[in-house]
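Participant: Encoded as structure tokens, here's the structure I'll be asking about.
What follows is calculated from the coordinates using simple rules that are stated; it is not laboratory data. Nothing here was measured: the structure is a model prediction, and the numbers come from that model. Here the Cβ is made from the backbone with ideal geometry for all residues, glycine too, and neighbour counts use every protein chain on show.
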Amino acid sequence: MKNESLSINSFMSTKSNRLEEFRKSREAANDKVLGLDHLGVKRFFNLDSNTYKDGALPGKTKELLGLVASAVLRCNDCIDYHLEQCAKTGSTKDEIVDALNVALIVGGSIVIPHFRHAVTTLEILEEEGLL
């Protein structure tokens, strides 16, 4: 029983490390990209940031839409990013799962591996107290 507990803790630690590594590598890569000091790139990043702010649709809804698009486009990095943003903008786990169901319907069975990835990330966000 002790070994089983150890392996579960090891698995959970690996999951947490996965998301933390993603956060660190994303930040470092973004710094490098923005460090290129290209006006078009800076404008795109600015457009991206401003798109998810409250407008006719609240930012919370926009992040759920971003999550759906990311799942349909099968981008796990984007899924992780939008899951974290969904948590920060106040989405509940039930709302997120419902949005992922839309992605599954729109994208079909090819989305299933990315749905699995999202569920693992949701568990990490829950462990961190963000959901």
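Participant: Out of these labelled values of semi-axes √(5λ) of the Cα gyration tensor in Å, (1) 23, 16, 14; (2) 27, 20, 14; (3) 23, 21, 11, which was calculated from the coordinates shown here?
Facilitator: (2)
Participant: Give, in nm to one decimal, the length gained when the segment between A28 and D48 is fully stretched (0.36 nm per residue of separation minus the Cα-Cα distance). Write out the running numbers ahead of the final one.
Facilitator: Details: separation 20, 0.36 × 20 = 7.20 nm, distance 1.79 nm.
The A28-D48 span can extend by a further 5.4 nm.
Participant: Moving to a separate point now. Report, in degrees rounded to the nearest 10, the 0 to 90 angle that the Cα long axis of helix 76-88 makes with the longest principal axis of the chain.
Facilitator: 90
Participant: Same structure again: How high is the relative contact order of the chain, in percent, counting Cα pairs under 8 Å that sit 6 or more residues apart?
Facilitator: Numbers: 90 pairs, mean separation 33.1, N = 131.
Answer for the chain is 25 percent.
Participant: Right, another one. Within the chain, which cysteines find no other Cys whose Cβ is under 4.7 angstrom from their own?
Facilitator: C86
Participant: Same structure, new question: Please give the contour-minus-distance gain from D77 to V97: 0.36 nm per residue of separation, less the Cα-Cα distance, rounded to one decimal in nm. All intermediate terms of the calculation are to be shown ahead of the outcome.
Facilitator: Values: separation 20, 0.36 × 20 = 7.20 nm, distance 1.75 nm.
So the extension gain works out to 5.4 nm.
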